[in-house]
Each structure stands twice: as structure tokens, then as C-alpha cells.
1. Kindly provide the Kirkwood hydrodynamic radius of the chain in Å, to one decimal, from all pairs of distinct alpha carbon atoms.
2. Hey, can you rank 66-77, 28-39 by average C-beta count inside 10 Å, highest first?
3. Given N residues in the stretch 7-51, what is Rg(Cα) / (2.2 N^0.38 Å)?
4. Taking a temperature of 10 °C and a viscosity of 1.306 mPa s, what whole-number D in µm²/s does Stokes-Einstein yield for the stretch 114-160 with Rh from Kirkwood over alpha carbon pairs?
5. For the Cα atoms of the chain, what angle does the longest principal axis make with the long axis of helix 102-119, in degrees from 0 to 90, nearest 10?
6. Below 8 Å, C-alpha to C-alpha, sequence gap of six or more: please give me the relative contact order for the chain in percent.
7. What do you get for the angle between helix 25-34 and the principal long axis of the chain? Use alpha-carbon atoms, 0 to 90 degrees, nearest ten.
8. Against the empirical 2.2 N^0.38 Å scaling, what ratio does the C-alpha Rg of the stretch 43-104 come to?
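What follows is calculated from the coordinates using simple rules that are stated; it is not laboratory data. Not measured: the values here are computed from a predicted model. Neighbour counts are summed over all protein chains in view; Cβ atoms, including those assigned to glycine, are modelled from backbone coordinates with ideal geometry.
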């Protein structure tokens, strides 16, 4: 039997949900739908969450960008696409990406590229290149960065 929530109960539950981790409107809305709230109640609850600062799309976007870059080592392309998927507007995405400094971005890219290259245990050079490039492109790094880096690493390897 599914629980039926009053607005008061739903607000309490959803405040806890938002306090635990930054959430975007989309996540909160789908959580409320799963709690069988109707759209008027959802609007009312979301308005309450915004007013009481439990829900802040800009804060979410910035925290998401920082976290995904520092912890999962995602590039800007992947972060941008994931934020768009969560219906975050372009202005907030741009603001969020400013959370990652250029130095930090390139530092992360360099370390990740180096580690990926060293851990790719492919003997066929073409296959190794492909695996390396696919991995970094999937992480959301810009193709020009990836292709320049693969050439640089190949040349360094052939010199050894």
C-alpha cells in the first residue's frame, strides 16, 4: 500500500531530500510525482522550497559542475550535457562552468590523460589510440585537446 502524503508531510520529506544533497527542480518534481502529489501541490511545494532556500537551481548547477569535475573528472562537454538533460538553463550552465578554473581543468585533463594512456593495455597502436580517445571524449573533454594529447603521448612513447 502506497503512503498518502499531506502537503505538510510532503514538505517535510522533500525538505529532508533537498537538505541531504543539492537537487534541481527536475529531481524534486519527479520525487513529488512519485509521492503521488498533484501538479498544484507540486507547484506549491516547489515555491515553498525556493522561498526557504532548500531549492536553488544556481547553487545546484555550481555544485554539480564542481563535483563532477573534481570527483568524476568530467570535461565541460559532459557537464553541460548533463545539466541540459536536467533542464538547467544556459545562463546557469555558463555560471556553473566558471566554478572550474582553467588551471584546474587542464591539470585534471593532463593527469587523466596520462593515467588513461598508461593504463590502456593495448599493444596495437591504433586500437590503443582509439580506446584512449574514446575514453576521454566520453568523459566530456574537447576533441582538439584529446587529439593533440594522443599525438603528444604517442611521440613521447616512440622516443623511449
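1. Working: mean 1/r = 0.0550 Å⁻¹.
Result for the chain, one decimal place: 18.2 Å.
2. Details: 66-77: 16.8, 28-39: 15.3.
Ranked from most to least packed, the peptides come out as 66-77, 28-39.
3. On the way: Rg = 9.2 Å, N = 45, 2.2 N^0.38 = 9.3 Å.
In units of the globular-protein estimate, the stretch 7-51 measures up at 0.98.
4. On the way: Rh = 10.7 Å.
In µm²/s, the coefficient rounds to 148.
5. Computed tilt is about 60 degrees.
6. On the way: 131 pairs, mean separation 32.6, N = 160.
Across the chain, relative contact order equals 20 percent.
7. Computed tilt is about 60 degrees.
8. Values: Rg = 12.6 Å, N = 62, 2.2 N^0.38 = 10.6 Å.
Ratio of Cα Rg to 2.2 N^0.38 Å: 1.20.
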